[in-house]
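Colleague: Here it is, the structure in full.
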Amino acid sequence: MSSSQSHTIEHLVLFKLKDTTEPSDAADHKFLNLTNGLISLDQVLHITAVPLRRIRSSSALTFTHILHSRFRSKPDLAAYAVHPAHLRVVRENAALVDDMLAVDWVAADLTGPTTPPPGSAVRVALLKLGEGSGEERKSEILEAIRGIKDELVGISQFSFGKNFSPERAKGFSIAFLAVFPSATEMESADSKKEEKLKELAESLIVVDYVVPSSE
C-alpha cells in the first residue's frame with residue numbers, strides 16, 4: 001500500500017535473544033513466528049521482526065533482532081500494547097529474550113509505502129544525548145538529521161523524531177529510519193554521515209536489516 005501517512009507512529013524494539021535457553025535456530029524461528037504473527041491485530045499497519053544484518057554501537061549495549069511496526073495513532077499503539085494477543089506473545093518471548101530497548105516516535109508527513117517492499121534494506125539510528133540536554137538541543141539535532149536525510153543518496157523513505165516512550169528506551173531519545181531499495185544501496189551510503197551522528201550524541205546505536213520476502 002502506498003500513501004501519505006501524515007502522523008504515522010513508529011514503534012521500534014531491539015532485542016537480544018538468549019543463547020542458552022534452546023538451540024539458537026529454534027529460538028530464532030519461534031521468536032520471529034510469534035512476533036510477526038501480530039500483523040493480524042487491527043491496530044497494526046505494518047510489522048517486521050527479523051535478525052539484524054549489522055549493528056554498530058558506541059555503548060555496551062548489543063542486540064540480535066529488531067521489530068519495526070507502524071500505527072495510525074498513539075491510541076492505536078496504546079491499544080496494541082495491552083491487547084491480549086500482544087501480551088501473550090510478550091509472555092512467550094520472555095524466556096527467549098536477554099535484553100531489549102524500545103522507542104516510539106511520530107513520523108510527521110511520512111510518504112511512501114506503509115510496508116517497505118520485500119528486499120528493501122533499512123538503517124535505523126538511535127541517539128542518546130548528554131546529561132541535561134533540553135528540548136532546544138533535541139530540536140537542533142533533529143534539524144541536523146533532516147540535513148543528513150537530504151544528503152543521503154538512494155533512500156526511498158525517511159522517518160525521524162523524538163521518542164515519546166522513555167520507560168524502555170535506556171535513555172535514547174531521538175531516532176531515525178532510512179529505507180533503501182536494496183542492501184547494495186544501503187551499504188554504499190556515505191559512512192561520514194555516521195561520524196557526524198557520533199559528534200551529536202553521547203551514545204549511538206546504528207543497525208541494519210533487510211525486509212524479508214514474506215512476513
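Colleague: In the stretch 176-201, what residues are closer than 17 Å to Glu151 by Cα, at pLDDT 90 or above and either under 15 Å from the mean Cα position of the chain (by Cα) or polar (S, T, N, Q) (or both)?
Modeller: Phe176, Leu177, Ala178, Val179, Phe180
Colleague: Right, here's the next one. Only one of these conditions is not met by Ile148: (1) touching a Ser or Thr at 6+ places or on another chain (Cβ under 7 Å); (2) of a type in the set (A, V, I, L, M, F, W, C); (3) in a helix (DSSP H, G or I). Which number is it?
Modeller: (1)
Colleague: Report, by residue number, each residue of the stretch 112-131 that is surrounded by fewer than 15 Cβ atoms within 10 Å (Cβ to Cβ) and at pLDDT below 90.
Modeller: Within the stretch 112-131, Gly130, Glu131 meet the criteria.
Colleague: Among the listed residues Leu101, Leu127, Leu142, Leu152, identify the single one that is touching a residue at least 24 places away in the same chain (Cβ under 8 Å) and over 18 Å from the mean Cα position of the chain (by Cα).
Modeller: Leu152
For every residue, the table says whether it meets (1) exposed (fewer than 15 other Cβ atoms within 10 Å of the Cβ); (2) β-branched (Val, Ile, Thr); (3) assigned to a strand (DSSP E or B).
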site: Ile39; (1), (2), (3): no, yes, no
site: Leu67; (1), (2), (3): no, no, yes
site: Asp76; (1), (2), (3): no, no, no
site: Arg88; (1), (2), (3): yes, no, no
site: Asp99; (1), (2), (3): yes, no, yes
site: Trp105; (1), (2), (3): no, no, yes
site: Leu110; (1), (2), (3): no, no, yes
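Colleague: So for the stretch 112-128 (the condition being on the phi < 0 side of the Ramachandran plot and part of a helix (DSSP H, G or I)), does at least one residue qualify?
Modeller: The initial filter retains those residues of the stretch 112-128 that are on the phi < 0 side of the Ramachandran plot, namely 113-118, 120-128.
Subsequent filtering for residues that are part of a helix (DSSP H, G or I) retains none.
Checking the stretch 112-128: not a single residue is on the phi < 0 side of the Ramachandran plot and part of a helix (DSSP H, G or I).
The values are calculated or read from the model by the stated rules, or taken from the named source; none is laboratory data. A quick note: this is a predicted structure, and the numbers were derived from the prediction, not measured. Here the Cβ is made from the backbone with ideal geometry for all residues, glycine too, and neighbour counts use every protein chain on show.
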